[in-house]
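Student: The structure's right below; bear with me while I get my questions together.
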Amino acid sequence: MAHTILTILGISVIIAVPSSMLVLSLEAGRPYLKELFGNRGMLVRYFLVMFIIIPSLAVLLLLLDSAHTAIWIPVMVIVLSPTSPGMIKGITKLGGNPNISIAWMITAIFLSFIMIPLSLLFIGQFFKVSIDLGIDDVAIKLSILFIAPLLVGFIVRNNLPNFAPILKNVLDLLSKVASIVMIICVLIISVPVIIKSDPINLLLIFVFLVISLAVAHFMELPSKKYGPILPLSVVLRVPVPALVLAGINDKTMVYAPVILSFVIIGMIVMALYKKLLFGKAK
């Protein structure tokens, strides 16, 4: 049964993520990197929060709380991972700027290619931990799931404008169905894992996410006209790099519960955040 669910989950991810990326790029038409990089202050803040401040918080907790190393090491990888595509949809629903969101997600993916191996090298050297970086596997999966579909969508939108709406409608339906299946599989796998987890572990992850969200919210204020891009980016992360690295290092059974808990708790924290601060937003 478990093997079947994992197989279905793997297939649904392969369908849901690339198809959603294609839909986003077909709607956007271009990556809007010029707009993002033209706002250097915002770009610097986003980079500092997502790839320096929040990971540094995870390292600090790893130093101060050695009893929970099995939590902070996977968290360290998760917070260096790019943001989830759900961030863009969330920004759109809140009346923010989806174009800047797309530009930031693309930028964050490429930054992850650099920051994940650098950070893991630091952890390995500083904490005397043997880690197989496996960055080639991570890069390949991120490229297949995110970068390639985005590029294809941009090309189709600009070279086959009449065909783009038809393709978008088909992929949108496919993405929604696959996403529902993916969410159901994740819940089936993660809920028992979370129930069996030590409540202290869940509390630590929750507190970490709340602190991260508070930092991101404060740092987002100068560019709040674009919507809460940074808060959503910090909390809603893609778990793929962390799961890939856990498998490569034969730590799936140790780190998968933390990774899944981070994803589920992050969704809950973000839902509360949007309800409290954007409850009346359309």
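Student: Search region 139-154 for residues that are modelled with pLDDT under 80 and pair each with any residue that is outside any helix (DSSP H, G or I) when their beta-carbon atoms are under 9 Å apart and the residues are at least 6 apart or on different chains.
Tutor: If the second residue must be outside any helix (DSSP H, G or I), the pairs left are 142/81; 142/82; 142/238.
Student: Now for a different question. Go through region 38-64 residue by residue and tally those that are free of Cβ contacts under 8 Å to residues at least 12 places away in the same chain and over 17 Å from residue 219 (Cβ atoms).
Tutor: 4
Student: For residues that are in contact with a strand residue (DSSP E or B) (Cβ under 8 Å, 6 or more places away or on another chain) and hydroxyl-bearing (Ser, Thr, Tyr), tally how many sit in region 44-90.
Tutor: 3
Student: Related question: Looking only at region 227-250, which residues are more than 19 Å from the chain's Cα centre (by Cα) and in contact (Cβ under 8 Å) with a residue 24 or more places away in the chain? Lay out the reasoning, then the answer.
Tutor: Start the filter on region 227-250 by keeping residues that are more than 19 Å from the chain's Cα centre (by Cα), which leaves 248-250.
248, 249 - these are the residues of region 227-250 that are more than 19 Å from the chain's Cα centre (by Cα) and in contact (Cβ under 8 Å) with a residue 24 or more places away in the chain.
Student: Within region 242-257, does at least one residue satisfy the condition of being under 14 Å from residue 79 (Cβ atoms) and modelled with pLDDT of 80 or more?
Tutor: Checked region 242-257: no residue is under 14 Å from residue 79 (Cβ atoms) and modelled with pLDDT of 80 or more.
Student: Being in a helix (DSSP H, G or I) and not hydrophobic (A, V, I, L, M, F, W, C) is the filter here; which residues of region 78-101 pass it?
Tutor: Listed by number, the residues that qualify are 86, 89, 90, 92, 93, 98, 99, 101.
Student: For residue 278, only one of the following conditions fails: (1) within 27 Å of residue 13 (Cα to Cα); (2) touching a Gly at 6+ places or on another chain (Cβ under 9 Å). What is its number?
Tutor: Checking residue 278 against (1) within 27 Å of residue 13 (Cα to Cα); (2) touching a Gly at 6+ places or on another chain (Cβ under 9 Å), the one that fails is (1).
Student: Of the residues 209, 171, only one is of a type in the set (A, V, I, L, M, F, W, C), surrounded by 16 or more Cβ atoms within 10 Å (Cβ to Cβ), in a helix (DSSP H, G or I) and over 19 Å from the mean Cα position of the chain (by Cα); which?
Tutor: Answer to the selection: 171.
The values are calculated or read from the model by the stated rules, or taken from the named source; none is laboratory data. Just so it is clear, the model here is predicted, and its values are computed rather than measured. In this analysis, Cβ positions are derived from the backbone assuming ideal geometry, glycine residues included, and neighbour counts consider all displayed protein chains.
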